[in-house]
Amino acid sequence: MDFLTTGSAAPGIACDLLAIGVGEGQLDAALAWLGAPLATDLAVAAKAEDFDGKTGTVTVWPSLGRVAAARIGLVGLGQGDIDDIRRAAGAAGFAARKRGASNLVLRLGDLDTPHTIAAIEGIEAGNYRYDRYQAESDRKAPLQTVAFAGTVDQDAIALARAIAQGQRLARDLVNAPAAEIFPESLASEAAALASDGLVVDVWDLDRIKAAGMGGIVAVGQGSTRPGRFVHMSWQPAGPARKKLVMVGKGVTFDSGGLSLKPSAGMQTMRCDMGGSAAVIGAMKVVAELHPDVEVHGIFGAVENMNSGDSYKLGDILTMHN
């Protein structure tokens, strides 16, 4: 997804969706950018739909050829703080994906660094879909370009894109089925990020046992898929300003072992590795941005299944500490 700016007048902006941020009580002022009589007509339509600019609300209409954009949308900005900007941009991104839009023009006003980052994060999150296993005919195209109608911090765009890409990786890992994401494959996803500054050390089960990590061994011993322990580390080129350590949970599927979970709660147990996915995604961002901070990402990856090898309630487990 590419991000740029446009200074074109509203009627001449050709795009799939032209979305305008509207603060609470600011409908007429926000629509004035479109010019009369369209601004007046849209205000009447918005009021008929009880659109009041509350954060994250959205309404979309076909433009009927009155402007170059195929559709016009209004997204609620609320009070316009950072979270409101993120949610409004997310609503615009969601509306664009729902309609298969490939290009979006978004007017949220002039954005400083934090608000630029929030807007791009929001767009990427709202536009995200995990549709890998859907039929091609059922998929909606993601956005290819987003143009901000207003000033943004150009230097913040690269930072925001890196953050969004890390978030997207984490979402993909969490959404993937357990048959695809298991201890070895999760560790491989982390190892694939290794670079000159990012070292990824993956421990196999023998090394985990030798280190006395009884918790990882026990939780994973009912599965045919052996556990892994992963240490990702970033070292800056110069002196490190500080050190940061992130630890994530990496249970790639949690059946409950011998204490089986009820079926209603079992479906999302593939998401029990969300903490480790967040660590992997964050380390992807770190490797992209090259901060002057020493950063470590650590997680154990196991699959908690029910078998004759599962640990039993009451067993005494000796942990590394």
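Eigenvalues of the Cα gyration tensor times 5, then square-rooted: what semi-axes does that give for the stretch 11-126, in whole angstrom, largest first?
20, 16, 12
Against the longest principal axis of the chain, how steep is helix 274-289, in degrees 0 to 90 to the nearest 10, with axes from Cα atoms?
Here the helix axis deviates by roughly 70 degrees.
Take every DSSP beta bridge with both residues inside the stretch 1-147 and express the antiparallel ones as a percent of the total, to the nearest 5.
Just about 25 percent of them are antiparallel.
Probe radius 1.4 Å, ligands and nucleic acids left out: which of 184, 189 has the largest accessible area, and how do the rest follow?
184, 189
With a 1.4 Å probe and all protein chains in place, put 201, 292 in order of accessible area, largest first.
Largest accessible area first, the list is 292, 201.
Quick one: what are the phi-derived ³J(HN,Hα) couplings along the stretch 50-65, Karplus 6.51/-1.76/1.60 with θ = phi - 60°, whole Hz, x for glycine and proline?
6, 6, 10, x, 5, 3, x, 6, 8, 9, 9, 10, x, 7, 6, x
Take the solvent-accessible surface of the protein heavy atoms, probe 1.4 Å, and return the percent of it on the chain that carbon and sulfur atoms account for.
Carbon and sulfur together cover 53 percent of it.
Count the lysine pairs in the chain that are 8 or more places apart or on different chains: how many have C-alpha atoms under 26 angstrom apart?
Taking the chain as the scope, the lysine pair count is 11.
State in Å² the accessible area per residue of the stretch 176-260; use a 1.4 Å probe, count heavy atoms of protein chains only, and round to the nearest integer.
For the stretch 176-260, the solvent-accessible area averages 50 Å² per residue.
Residue by residue through the stretch 197-212, what is 3J(HN,Hα) from phi via Karplus (6.51 cos²θ - 1.76 cosθ + 1.60, θ = phi - 60°)? Round to whole Hz and write x for glycine and proline.
My calculation for the stretch 197-212 gives x, 10, 9, 10, 10, 10, 8, 8, 5, 4, 5, 4, 5, 5, 7, x Hz in order.
Compute the length gained on full extension between residue 268 and residue 293: take 0.36 nm times their separation in residues and subtract their Cα-Cα distance, giving the result in nm to one decimal.
Extending this stretch completely gives an extra 5.5 nm.
In the chain, once you exclude exposed chymotrypsin sites (Phe, Trp or Tyr not before Pro) (DSSP loop, at most 13 other Cβ within 10 angstrom), what's the longest stretch remaining?
134-321
If you take the beta carbon distance between residue 194 and residue 40 as r and set R0 to 56 Å, what does 1/(1 + (r/R0)^6) give as a FRET efficiency, to the nearest 0.05?
0.45
Read through the labelled values (i) 0.97; (ii) 1.08; (iii) 1.21 and report the label of the one computed as Cα Rg over 2.2 N^0.38 Å from the structure.
Calculated Cα Rg over 2.2 N^0.38 Å: the matching label is (iii).
Using the reciprocal of the averaged 1/r over all distinct C-alpha pairs, how large is the Kirkwood radius of the stretch 104-184 in Å?
Final number for the Kirkwood radius of the stretch 104-184 is 14.4 Å.
Using the Cα centre of the chain as origin and beta-carbon charges of +1 (Lys, Arg) and -1 (Asp, Glu), tell me which of 141, 239, 311 is placed farthest towards the positive end of the dipole.
Selected residue: 311.
Find how much the distance from residue 154 to residue 68 grows on full extension, using 0.36 nm per residue of separation minus their present alpha carbon separation; answer in nm with one decimal.
Extending this stretch completely gives an extra 28.3 nm.
Leaving ligands, DNA and RNA out of it, work out the accessible area of residue 132 with a 1.4 Å probe and give it in Å² to the nearest 10.
For residue 132, the solvent-accessible surface is approximately 110 Å².
Where q = 0.20 Å⁻¹, what log10 of I(q)/I(0) comes from the Debye formula for the stretch 67-153, counting one point per Cα?
Debye intensities relative to I(0), on a log10 scale: -0.88.
Please find the FRET efficiency linking residue 179 to residue 61, where r is the Cβ-Cβ separation and R0 is fixed at 45 Å, and quote it to the nearest 0.05.
0.55
For the stretch 164-256, what is the convex hull volume of its Cα atoms per residue in Å³?
130 Å³
Below 8 Å, C-alpha to C-alpha, sequence gap of six or more: please give me the relative contact order for the chain in percent.
17 percent
As a test of the definition: which semi-axes, in Å, follow for the stretch 178-232 when you take the square root of five times each eigenvalue of its alpha carbon gyration tensor? Largest first, please.
The answer is 21, 15, 6 Å, longest axis first.
Among the DSSP beta bridges whose two residues both lie in the chain, what percent are antiparallel, rounded to the nearest 5?
40 percent
About its Cα centre, how strong a charge dipole does the stretch 187-287 have in debye, to the nearest 20, once Lys and Arg get +1 and Asp and Glu get -1 at the Cβ?
The dipole of the stretch 187-287 has a size of about 240 debye.
With a 1.4 Å probe and all protein chains left in place, how much accessible area per residue does the stretch 1-126 have, in Å²?
Heavy-atom accessible area per residue stands at 42 Å².
The values are calculated or read from the model by the stated rules, or taken from the named source; none is laboratory data. Keep in mind that what you see is a predicted model, and the values were worked out from it rather than measured. Counting neighbours? That spans all protein chains shown, and the Cβs are built from the backbone with ideal geometry, glycine included. Please note that ligands, DNA and RNA were not included when accessible areas were found on the heavy atoms of the full protein model with its side chains. Shrake-Rupley method; radii C 1.70, N 1.55, O 1.52, S 1.80 Å.
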